[in-house]
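The values are calculated or read from the model by the stated rules, or taken from the named source; none is laboratory data. Bear in mind the structure is a predicted one, so any value in this text is a computation, not a measurement. Every residue, glycine as well, gets a Cβ built from its backbone with ideal geometry; the counts of neighbours run over all protein chains shown.
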Amino acid sequence: MTDRDFDQLLDAWMDLGPATAPVRVAEAVRLEVRSTRQAVTLIGWPPRRFPFMNSTVRYALAASIVAVAAIVGYSYLVAPNIGGPAQPSQPASTQQPGASIGADLPVLSDQSGPLEPGTYVVTEVEPLRLAITVPDGWTRNIAPATVWTQDSTVHIWFGRVDSLYADPCDASGDLMDPPLGPTAHDLADVLASYPGITAAVSDVTVSGFPGHYVELSVADPTGDWCGGDSRLWDIEEGAQLGLPGLFGTLGVWTFDVNGDRLVIAGDVRSAAGTADSAGLDTIMESLQIQDP
Amino acid sequence: MERQLVVQAQQGDQDAFDQLAYHLVDRLYSVAYRILRNGPSAEDATQQALVDVWRHLPSLRDPDRFDAWAYRLLVHAAYAEHRRRRRQAPPGALTDGAADNDPYPSVHDRDQLERGFARLTAEHRAVLVLQHYLDMTHDEMAEVLGIPVGTVRSRLHGARGAMRAALEADARPAPREWPA
């Protein structure tokens, strides 16, 4: 049987079966919707307030503001570096923990479509706020917190990983036991120990938050590892992130952000061009993390 | 018209959503049925997907992407339903069998395809249905499923290989029986 015959057979087989739903389905939906509230969408960030502030707290807060102002004033007006050469801007990787991300930056849309080059705030890893600068030729994917190149050779995902699959090639989907520990180190350690995967681990710091970078690739890139369909963790229900097939690499950055583990995965396909890979570098070098 | 209904339903208009659901239910059910190969399961997945559509409509920023978004919720509901049924039902109890109203493919082929399909994961089933029933491109499938195009291709490759193997298993010559 040729591929064409096989396709026609599948097409014809798929055409068999019902094309209309039983009436009871729509009726059941109608009734359920009457008693189901729509989910509220959070827009922006509420101002942080201390609603119950007694006078002692108020005076202590005022005193600390005065003290900070005095220190800052001394540094800029009295300290001996006035008029000296300007300090080079610090790269994102050495900023202080919790560095503030501009409130006026556009939020990365959760709808798919091409992105204008520029800096965006990723708010889908709540309560963290991330800022990334996206070069030309990148697109928002419909998957959660994912951007990719227009030719889909490089993808970057931002999120959390609570558990890993025990075997990336096992479609039954059993999770690792004992479960994954809570730190960035725990994740890096386990990723580096998967059989059949080559891993290189290094330490990284972004916005003052310590973490690890793990570069993963298939140990035997000439074989059909996992049938080209591996799974490491869920990015949402029913969708998993795996290794990008033959001759591709998966870079995983993981950070401890005040007890919260942030994970960023950069999936680089073998077909990725230099500009695509450079785009990944641009985005990751621009990364800022803010823990509000 | 659909766009207007989507916008109205996003603002909590239940009557607009009823109309939207009326237009959508057959399309979603027919896809769910083809993934799950089981009527009651397809009904449950369709119902769940439509309720999810209602609940999460306010988060849909581009009403023009409504169809892809709704299919995505449906596929996820089908995955969940498949897992639930698999936990509850004995092997082989998950399909209704094909309808008998078309002479092509042959009954034999249909039976083999059903068997091959029953052994696929929900993820592999979904890519086959999106390609062969909805005629989606790889890019469209990637968007609906929320996975990279490369993963779509590899899943299609795996699913087609399994289906082909099932179909060709009985096409091989049977071993000869030796005379007693």
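Observations on the model:
- Among residues of the stretch A:1-36, those that are part of a loop (DSSP other than H, G, I, E, B), facing chain B (nearest Cβ under 7 Å) and small (Gly, Ala, Ser), counted: 3
- The residue that is farthest from residue B:39 (Cα to Cα), among those in the stretch B:81-109 that are out of contact with any Phe, Trp or Tyr (no Cβ under 7 Å at 6 or more places or on another chain), surrounded by 17 or more Cβ atoms within 10 Å (Cβ to Cβ) and at pLDDT 50 or above, is B:109.
- Listing of strands (runs of 3 or more DSSP E) fully contained in the stretch A:143-230 that carry 3 or more residues being free of Cβ contacts under 8 Å to residues at least 24 places away in the same chain and either within 14 Å of chain B (Cβ to nearest Cβ) or over 24 Å from residue B:141 (Cβ atoms) (or both): A:197-206
- Condition broken by residue B:50, with the remaining ones in (1) touching a residue at least 12 places away in the same chain (Cβ under 8 Å); (2) surrounded by fewer than 20 Cβ atoms within 10 Å (Cβ to Cβ) satisfied: (2)
- Taking strands (runs of 3 or more DSSP E) as the structural unit, those lying wholly within the stretch A:237-292 and holding at least 1 residues that are touching a Pro at 6+ places or on another chain (Cβ under 7 Å) correspond to A:249-257, A:260-268.
- Among the residues of the stretch B:114-139, just one is modelled with pLDDT of 90 or more, over 14 Å from the mean Cα position of the chain (by Cα) and in a helix (DSSP H, G or I), namely B:138.
- Residue in the stretch B:1-20 that is assigned to a helix (DSSP H, G or I), crowded, with 24+ Cβ neighbours inside 10 Å, facing chain A (nearest Cβ under 7 Å) and at pLDDT 90 or above present: yes
- Test set (1) in contact with a Gly (Cβ under 9 Å, 6 or more places away or on another chain); (2) facing chain A (nearest Cβ under 7 Å) - residue B:59 fails condition number: (1)
- Hey, residue A:221 over 23 Å from residue A:142 (Cα atoms), modelled with pLDDT of 85 or more and either under 18 Å from the mean Cα position of the chain (by Cα) or not small (Gly, Ala, Ser) (or both) or not: no
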